[in-house]
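Have a look at the structure below before the remarks.
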Amino acid sequence: MEDTGDVVVVGTAHVSERSAEEVRETIREEDPDVVAVELDSARYERLMESERDGVYGADMRAAVEQAEEQDVPVALIDREITTTLKRLWTEMTVFERLKMAGAMVAGFFGVGAATVEELEEAIEEDSVEEHVDDLRQFSPGGARTLIDERDAFMARRLMELSEEGDVVAVVGAGHRSGIESYLESPEKIPEIPETARAGTTDADVFDADDEMLVVLDLPGCEEDDVNVVYEDGRLEVSAARDTALEPGFHRVSSGGSHGFEASVDVPGEVDAERASASLDDGVLEVRLPKQQ
């Protein structure tokens, strides 16, 4: 077995300038081969495009900037936010969903009215990390999705990255103990459900009057990254994302270098010769006209 590098996990508060400074100091002292951050591609883009004097995300921004200063590659190790949201809804019971729609849950997440958009924002900002025990009581399935599955996912990614050398991983404080536990005992990392893995994506198939419409989420992808093939009633979609950052850097996305893959059964007879596909804001639409 080949030697692997050390992994140093820094647990942070996403709204703390003190955490940001701790991140910078750790990266300077450890001088790692890779800096890993608890972000996916969508959250990374949103964070780096936001105002740099904002409080939220100071720890992650500090990690990226310090890596840049030391000419160290940056790796995005968190699961895609769209996958986490889908998994959250699947894992919650009907009663938990009803509670989420009420004022109690709105207060729990600290976001006012519990709309889908505000819930997504709360998850993106990991504001649930401060209340892990409360979350487990409120929704065991939700805790499994928001905390445990992501701990396992990020631990796997860190193990892969450690094969390249030493790693400093910057994650929210609520994830640190779980990740470190998995790193100490990799054999305990559970199998992640197929629908929870990056690298696969769910598809919606709609039967319109004169065509079949297939819709897939492909966050972080551009048109040139996507390959669509229809054959014998099955639509095969593959997509690889551009992993370039700035000169001297590379980004390892949470889906790895293979991007996304999907195999979709399309009912009925369609005219593949007249098929068309478009990608807008990470959403792929494939239109398959029905046979006349």
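Residue check, V128 against (1) under 17 Å from G11 (Cα atoms); (2) at pLDDT 50 or above, all met but one. Which one?
That leaves (2) as the condition not met.
For segment 197-205, state whether one or more residues are touching a Leu at 6+ places or on another chain (Cβ under 7 Å), buried (at least 18 other Cβ atoms within 10 Å of the Cβ), at pLDDT below 85 and closer than 25 Å to Y230 by Cα.
Within segment 197-205 (the criterion being touching a Leu at 6+ places or on another chain (Cβ under 7 Å), buried (at least 18 other Cβ atoms within 10 Å of the Cβ), at pLDDT below 85 and closer than 25 Å to Y230 by Cα), the answer is yes, since at least one residue qualifies.
So which residues in segment 21-45 are assigned to a helix (DSSP H, G or I) and over 13 Å from the mean Cα position of the chain (by Cα), if there are any at all?
Of everything in segment 21-45, those that are assigned to a helix (DSSP H, G or I) and over 13 Å from the mean Cα position of the chain (by Cα) turn out to be E21, E22, V23, R24, E25, T26, I27, R28, E29, E30.
Search segment 139-152 for residues that are crowded, with 20+ Cβ neighbours inside 10 Å and pair each with any residue that is among the basic types (K, R) and at pLDDT 80 or above when their beta-carbon atoms are under 6 Å apart and the residues are at least 6 apart or on different chains.
What qualifies is R150/R79.
Hey, any hits in segment 66-80 for a residue that's crowded, with 19+ Cβ neighbours inside 10 Å, over 28 Å from A143 (Cα atoms), touching a His at 6+ places or on another chain (Cβ under 8 Å) and modelled with pLDDT of 90 or more?
The answer is yes; a qualifying residue exists.
The values are calculated or read from the model by the stated rules, or taken from the named source; none is laboratory data. On a predicted model such as this, the values are computed, not experimentally measured, just so you know. Reconstructed Cβ throughout: ideal geometry from the backbone, glycine too, with neighbour counts over all protein chains shown.
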